[in-house]
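The values are calculated or read from the model by the stated rules, or taken from the named source; none is laboratory data. Predicted model only: the values in this text are computed from it and were never measured. Cβ: placed from backbone, ideal geometry, glycine included. Neighbour counts: every protein chain shown. Calculation scope for accessible area: heavy atoms of the full protein, side chains included, ligands and nucleic acids excluded. Shrake-Rupley method; radii C 1.70, N 1.55, O 1.52, S 1.80 Å.
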Amino acid sequence: MNFTDLYYYHKAGQQREAVRVLEQLTHNAVMESRFNDAGYYFWNLSMQCLEIAGKNEENSREMLQKFQEFQSKAEVYYVYHTIQRYTDEPFTSHQAETLFNMAKYLWHAILKEVPHGVSKVNTLYALAKQSRILQAYKLARFAFEKLQSLRIPPRLQDTVDLGSITIRSKPFHDAEEVLPMCYRCSTTNPLLNNQGNQCTNCSQPFVHSFSSFDVLPLVEFVLENGLSDEEAVQLIQMEPPKKRQRDQWREQSSGNMQSMRLDDFGDAGADLEEDPFTASLMSFEQGSTEFVPVVVNRSVLQSMDRSQVVVKKWPSPLRYQYYKSLLDDVNVTVCPSCNQTFHVEEYELLVLQNNHCPFCRRKSI
Ligand SMILES: [Zn+2]
Ligand SMILES: [Zn+2]
């Protein structure tokens, strides 16, 4: 069974059958350790579920749950493919930083559930080695200690034993350069968070470039009740407002306004002070474990520079997802097919090299 057959099933309206076939392909890919393909098939499955959810209200909830589950698995296998290859064959074309980012991302993604075929040992092994290279010694210690409590394949045993001993001569802390900063609340985060890939202070999820796995300077926001996606996109496309309007806005909401982050952005500080979106970043409760998203209204949307907004245009029944970039000089793009985010330069290079998006394999036009 191949994708031509799948297309036939799809056309014939036998989508459930198409899903069944796709599940079989996915299963085979996992069993044969073709994790790249497993990721790709899971992504396809997730999109099938989303399509069914859009057509069939009865099953909508169940299908959306499956969509989420398969999206997560697609991401995990996509990343794990590189980690697995690195542990099999340590000569890699990836930079230490990319492997470090990927291993760290993966570790957080498998905290609650480890998908079939994904090895915690391989993940920790890559994490330990790359952390050490990047002087994230605290994280390297953690990874080596965890490894000692797991069953390690004989071919890695010596490296793990040696690494566990030599790491003891290193400092107890991680180099500051590798600590991620939260773009919502400006908190410098530790490298590990038991809650997952999110800020320890405000719980805002980190947004990664799906190539280098750098944290992108994006903060997700949601729309105020009563605002449709169509209207929101129109407002974002409009010219940014006159200064007078901004001042009015600030008067209304000065009670919530905090300015602790302004200095962190150097020259950009003066601009950010005027920016209503920046003010709404602080709309979370310090120390609360519950995540409170940034909510924006019409005037905030209108104040935005459209070049700094990233929109993931999901089909119904999902709503669009919106992100604001907080740095002027970092260009972010989103794949129109899978909605993964990338640094523009990385994405363009990858599409040039492979002729398709690295995650969903959408052909370049
Ligand atoms: Zn934060
Ligand atoms: Zn894509």
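Numbers below:
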item: Elements of type strands (runs of 3 or more DSSP E) in the range 303-365, at least 1 residues being within 16 Å of ligand 1 (Cβ to nearest atom) and hydroxyl-bearing (Ser, Thr, Tyr); result: 321-325
item: Qualifying position, being surrounded by 15 or more Cβ atoms within 10 Å (Cβ to Cβ) and within 16 Å of ligand 2 (Cβ to nearest atom), among Val215, Val207; result: Val207
item: Residue list for the range 101-123, restricted to those being closer than 18 Å to Ser164 by Cα and surrounded by fewer than 24 Cβ atoms within 10 Å (Cβ to Cβ); result: Lys120, Val121, Asn122
item: Count - residues of the range 1-55 that are of a type in the set (Ser, Thr, Tyr), modelled with pLDDT of 90 or more and open to solvent by less than 50 Å² (accessible area, probe 1.4 Å); result: 4
item: In the range 232-244, residue farthest from ligand 2 (Cβ to nearest atom) [restricted to those that are open to solvent by 10 Å² or more (accessible area, probe 1.4 Å) and touching a residue at least 60 places away in the same chain (Cβ under 8 Å)]; result: Pro241
item: Test: residue in the range 330-353 that is within 16 Å of ligand 2 (Cβ to nearest atom), under 18 Å from the mean Cα position of the chain (by Cα), under 27 Å from Ser72 (Cβ atoms) and of a type in the set (Gly, Ala, Ser); result: yes
item: Phe70 vs. criteria over 30 Å from Ala140 (Cβ atoms), surrounded by 22 or more Cβ atoms within 10 Å (Cβ to Cβ) and at pLDDT 95 or above; result: yes
item: Any hit, the range 130-140, residues being in contact with a Gly (Cβ under 9 Å, 6 or more places away or on another chain), within 19 Å of Ile83 (Cβ to Cβ) and surrounded by 17 or more Cβ atoms within 10 Å (Cβ to Cβ); result: yes
item: Residue in the range 178-201 that is more than 16 Å from ligand 1 (Cβ to nearest atom), open to solvent by less than 60 Å² (accessible area, probe 1.4 Å) and either modelled with pLDDT of 95 or more or out of contact with any Phe, Trp or Tyr (no Cβ under 9 Å at 6 or more places or on another chain) (or both) present; result: yes
item: Test: residue in the range 95-106 that is in contact with a helix residue (DSSP H, G or I) (Cβ under 9 Å, 6 or more places away or on another chain) and over 30 Å from Cys202 (Cβ atoms); result: no
item: Which listed residue, of Leu223, Leu139, is at pLDDT 95 or above and either β-branched (Val, Ile, Thr) or farther than 30 Å from Cys357 by Cβ (or both); result: Leu139
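So that you can scan it fast, the table gives a plain yes or no per residue for (1) open to solvent by less than 30 Å² (accessible area, probe 1.4 Å); (2) modelled with pLDDT of 90 or more:
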position	(1), (2)
Leu301	yes, yes
Arg306	no, yes
Val310	yes, yes
Arg361	no, yes
Ile365	no, no
